[in-house]
Structure formats: C-alpha cells, structure tokens
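See structure below.
The values are calculated or read from the model by the stated rules, or taken from the named source; none is laboratory data. These numbers were taken from a predicted model, which means no experiment stands behind them. Glycine also receives a Cβ, built like all others from the backbone with ideal geometry; neighbour counts cover every protein chain displayed. All accessible areas refer to the heavy atoms of the entire protein, side chains included, with ligands and DNA or RNA removed. Shrake-Rupley method; radii C 1.70, N 1.55, O 1.52, S 1.80 Å.
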Amino acid sequence: MTKAEIVNQVAKTTGIEKVVVQNVVEAFMGTVKDSVSKGNPVFLRGFGSFIIKHRAQKAARNITKKTTITIPEHDIPAFKPAKVFTIKK
C-alpha cells in the first residue's frame, strides 16, 4: 500500500478531505522521522515501535576484486510490530 492509497482510504473512511489527511500523514511521518533520527524510539500501542538498531563493525568481502573491507559500526532505523499486530496464518 502506498502513501497515496493510505490517504485515500483514511479520507474515505473518515469523510475528511484528502488534502487535510495528506497534511496529517506527512506531519506524522515527519514527527516519527525526527524523533527516531534523534535516537528517541516511537511507541504506538497496538501497532508497533519505530526504534534504532545498532549494527556492530564487521568485515565484508568484495568477491570480484578479492578484497576485504571493513564496514564501520552504525545505527539503522527499524520497525518492530506489536504482538497483536503480527499476522497469523
């Protein structure tokens, strides 16, 4: 599902104009992005958490050049779904 499809679905469900829903979705995404980029996780009860995961330094191989490079430690954003959000088959 794309952002445009989310905006259309929310506008149809709530009866709010698409422009207003678009602004709300953009503001939400900007707020989550700013918070996570500052190292603060975002917890949405019943949905999941936007968190930072730390990756340790590791060695990687370039098999075409037969060389080894070092990938430095770094942090990456991640999403961890809530237990009630997981899909059951």
Calculate what fraction, in whole %, of the accessible area of the chain sits on carbon and sulfur atoms when a 1.4 Å probe is rolled over the protein chains. 60
Hey, can you find the accessible area per residue of the chain for me, probe 1.4 Å, expressed in square angstrom? 86
Could you tell me which of 24, 42, 10 has its Cα farthest along the dipole of the chain towards the positive end, charges placed at Cβ (Lys, Arg +1; Asp, Glu -1), taken about the Cα centre? 42
Taking every pair of Cα atoms in the chain, average 1/r, invert it to obtain the Kirkwood radius, and report Rg/Rh to two decimals. 1.16
So for the pair residue 14, residue 54, with labels modelled 7 Å out along Cα→Cβ, what separation do we get in nm? 3.7
Note down the relative contact order for the chain as a percent, whole number, built from C-alpha pairs under 8 angstrom at least six residues apart. 21
Area accessible to solvent at residue 47, 1.4 Å probe radius, in Å²: 90
Rounded to the nearest 20 debye, what is the charge dipole size of the chain about its Cα centre when +1 sits on each Lys and Arg Cβ and -1 on each Asp and Glu Cβ? 620
How long is the gain from residue 80 to residue 6 if the chain were fully straight, where each residue apart is worth 0.36 nm and the alpha carbon distance is subtracted? 24.6 nm
